[in-house]
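Below: the structure, in C-alpha cells.
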Amino acid sequence: MSRRAERSMSRQAERPMVPEATFQSYYGRPVIKPPRWKKPDVPIYLFSGGLAGSSALMAFLGEATGRRDMARISQLTSAASAAVGTAALIRDLGRPARFLYMLRTVKPTSPLSTGSWILASFSTLSAAAAASTVTGLFPGPARLAKAGAAALGPLMMTYTSILFADTAVPAWHEAYRELPFVFAGGSLISGGGASLLLSPVDQAGPARAVAVAGTLLEAGATRRMTSRLGMLAEPYHEGRAGRWMRAARMLSVAGAVGAVVAQRSRLGSALAGVALLAGSVCARLGIFEAGLESAKDPKYTVLPQRERLNARDMGQTSAGQAGAAASWLTDRAAPVGRP
C-alpha cells in the first residue's frame, strides 16, 4: 500500500475524543421568525381559495353533464368563495393597496407574484360567470369565463401550498413534495361538500364522486408526507395542530361515507356536505398551526440541518475510503519490470 493511501485511511479512521455537544439555541429563542400571518384570516383564505377552485370545476362538470342546478349553485359558490378569500387576504395585508401593489409586476419565478395573478384572474372570471348566471346576460362571453375559471381551478386549489412550501418554516418547507396533493384533496372535499349541501339529491352524483376522491387523495398524501418528514411530522400530530388534523380526518371520512350511504336522502346528503366542509376547514387550520409550532421550536430548524450535514459527511467518508481502496488496488496491480 502506498504512503498516500495509508495516510488517507488513517485520517478516515480517526474518531473525535470529545462527545458531540447537545443542541441549544441562543437563550432558547427561535432560529427563524415565525410568520406574522393573522388568524383566522389566513386559514379562511386557504379554505376559500380551495373551495372556489373546486366549485368552478364542479360548475363546469355540471354544465357538461346537463346538471343545470348543480352547475348554477357551484358557480355562485365559486364566485362567493373567491370574494371571501380575497377579502381575507386583504384584511391580513392590512390595506387594499398592498394587494394591488403585488399586481404591478409579473414575476413567474416568484410564487407570491404568480399566486396574486392567479387569484385576481380567477376572481374576475368567476365573478363574471356568476353575474351572467344570475342575470342571463351575455351568455357567449359567460361560457368563456366559465371555461377560464375551470382551467384556473386546479391552480387555485394548490398555489397556496407553493406559497407555504416556499417559506423557511420547517414543517411546510420540507413537505413541498406532498403539500400540493394535500391541498388538492382538501379542495375537492370542500367542493364536493358544498355541492352536496346545496344541490338537489338527483344531481349530486358527481359531488359524491369528487368528495370520495378528495378524501382518498388527502388521506394518502398526508400519510405519505408525515411518514417522510420523520421528526418534522411531530407538529402535525401534537398539540392544537394534532387535534385539528385528527378532527379533519374523522369529519372527512364520515362525510365521504355519508355521501355514499345517503344517496337518496336530502337530510343525509346535507349532513355529509356539512361534515366535508368542516373537515376541510380543520385540515387547513391544522396545517397552519403545525407550521407555526415548527417555526417556534428551534430544534425543527437545526436538527434536520445537522442530519443533512452528517449524511453528507458520511457520503464523503465513504467516497474517501473507496478512493483509498482503489489506490491500494492500483498499487498492487502495478506491473513489475522485466529483468
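The values are calculated or read from the model by the stated rules, or taken from the named source; none is laboratory data. If you're wondering where the values come from, they're calculated on a predicted model, not measured in any experiment. Here Cβ is always computed from backbone atoms with ideal geometry, including for glycine, and neighbour counts include all displayed protein chains.
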Task: Of the criteria (1) in contact with a helix residue (DSSP H, G or I) (Cβ under 6 Å, 6 or more places away or on another chain); (2) among the hydroxyl-bearing types (Ser, Thr, Tyr); (3) modelled with pLDDT of 90 or more, which one Ser227 fails - done: (1)
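Identify, please: which residue in the stretch 175-187 is buried (at least 20 other Cβ atoms within 10 Å of the Cβ) and over 23 Å from Ser74 (Cα atoms) and is, among those, nearest to the chain's Cα centre (by Cα)? Talk me through it step by step, then tell me what you get.
First, pick out the residues of the stretch 175-187 that are buried (at least 20 other Cβ atoms within 10 Å of the Cβ): 175, 178-180, 182-187.
Adding the requirement that they be over 23 Å from Ser74 (Cα atoms) leaves 175, 178-179.
Details: Ala175: 8, Glu178: 7, Leu179: 3 Å.
The residue in question is Leu179.
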Open item on the list: Residues to consider are Ser252, Ser269; find the one that is over 20 Å from Gly286 (Cβ atoms), assigned to a helix (DSSP H, G or I) and polar (S, T, N, Q).
Closed with: Ser269
TODO: Output the number of the condition that Arg91 fails; it satisfies all remaining conditions of (1) farther than 30 Å from Glu178 by Cα; (2) touching a helix residue (DSSP H, G or I) at 6+ places or on another chain (Cβ under 6 Å); (3) touching a residue at least 40 places away in the same chain (Cβ under 8 Å); (4) not aromatic (Phe, Trp, Tyr).
DONE: (1)
TODO: Can you work out which of the residues in the stretch 38-75 that are of a type in the set (Lys, Arg) and either closer than 20 Å to Val201 by Cβ or without any contact (Cβ under 8 Å) to a residue 60 or more places away in the chain (or both) is surrounded by the fewest Cβ atoms within 10 Å (Cβ to Cβ)?
DONE: Arg68
Task: From the options Thr109, Thr114, residue that is touching a helix residue (DSSP H, G or I) at 6+ places or on another chain (Cβ under 8 Å) and of a type in the set (S, T, N, Q) - done: Thr114
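With within 22 Å of Arg284 (Cα to Cα) and among the β-branched types (Val, Ile, Thr) as the only criterion, which of Thr105, Thr133, Thr114 stands out? Working first, answer last.
Working: Thr105 fails: within 22 Å of Arg284 (Cα to Cα); Thr133 fails: within 22 Å of Arg284 (Cα to Cα).
Every option except Thr114 fails the conditions.
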TODO: Please list, ordered by first then second residue, the pairs with beta carbon atoms under 6 Å, 6 or more apart or interchain, first in the stretch 225-247 and farther than 22 Å from Val302 by Cα, second aliphatic (A, V, I, L, M).
DONE: Trp244/Leu285
Task: Considering residues of the stretch 96-140 that are touching a residue at least 12 places away in the same chain (Cβ under 8 Å) and of a type in the set (Phe, Trp, Tyr) only, the residue farthest from Leu51 (Cα to Cα) - done: Phe99
TODO: Taking the residues in the stretch 137-158 that are farther than 16 Å from Gly191 by Cβ and surrounded by 18 or more Cβ atoms within 10 Å (Cβ to Cβ) as candidates, determine which candidate is modelled with the lowest pLDDT.
DONE: Ala142
